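Trainee: Below are the structure tokens for one structure; questions will follow.
Please treat every number below as a calculation from the coordinates, not as lab data. Just so you know, these numbers come straight off a predicted model, no measurement behind them. Neighbour counts are summed over all protein chains in view; Cβ atoms, including those assigned to glycine, are modelled from backbone coordinates with ideal geometry.
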Amino acid sequence: MRNSRLSPALPALLAATLLGACSTPPAPVARLGIKLAPQALEASISVQQHLKVERKGRIDELDAAVEVDPQQVQMVGLAFGQRVLSLNYDGKELRSWRHMMLPKQVRADDVLEDMQLTLWPAEAIARSLPQGWRIEDAGLSRTLYLDGAVVATISYTQMPRWSGTVILDNLRYDYRLTIESAP
């Protein structure tokens, strides 16, 4: 088991890092590719979070800073005191920068997608899902399906979703992401 501690980034940044770091066969199909408008969150937020990703006996941790307002989603990721990733999405164009030492498997698109799957309202997600996909929201839990099979589950300790603890179990890519928001 290897532990590493990183500073502000996104929950999905860590998840994407783990996806690329393990030498397993690729998933059967590419990621969803959803990009929801910032205003679809129906709130403006500025949060700091502590993240832990578990995959095949490996645990990685980092801290995250996320800002969303009706015009844009912003994130700056730091590792060991250095910026390693920045992301800005205005609802039309995703602009990102990445440090050359960041694994190439860490993609801004995946970071944005995981963030939106955990934070945005289920109704907004449902409208953007490709054929065969569906999402169910039951208060403090959320389930994502592909052709009737569970792909991911998300549980929340409290509302709004960006407070408390969020646990995303991604069965398709075999990782668990735990997000603890700063009080």
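Trainee: How long is the range 128-183 along each principal axis, judged by its Cα atoms, biggest number first, in Å?
Mentor: Answer, in whole Å and largest first: 38, 22, 16 Å.
Trainee: Loop only by DSSP, 12 or fewer other Cβ within 10 Å of the Cβ. Give me the trypsin sites (Lys or Arg not before Pro) in the range 63-151 that pass, ordered by residue number. Don't skip to the end; give the middle numbers.
Mentor: Details: sites: 83, 92, 95, 98, 104, 107, 127, 134, 142; in loops: 92, 104, 107.
Passing sites in the range 63-151 are 92, 104.
Trainee: Give me Rg/Rg_expected for the range 75-176, where Rg uses Cα atoms only and Rg_expected = 2.2 N^0.38 Å with N residues.
Mentor: Details: Rg = 15.0 Å, N = 102, 2.2 N^0.38 = 12.8 Å.
So the range 75-176 has a normalised radius of gyration of 1.18.
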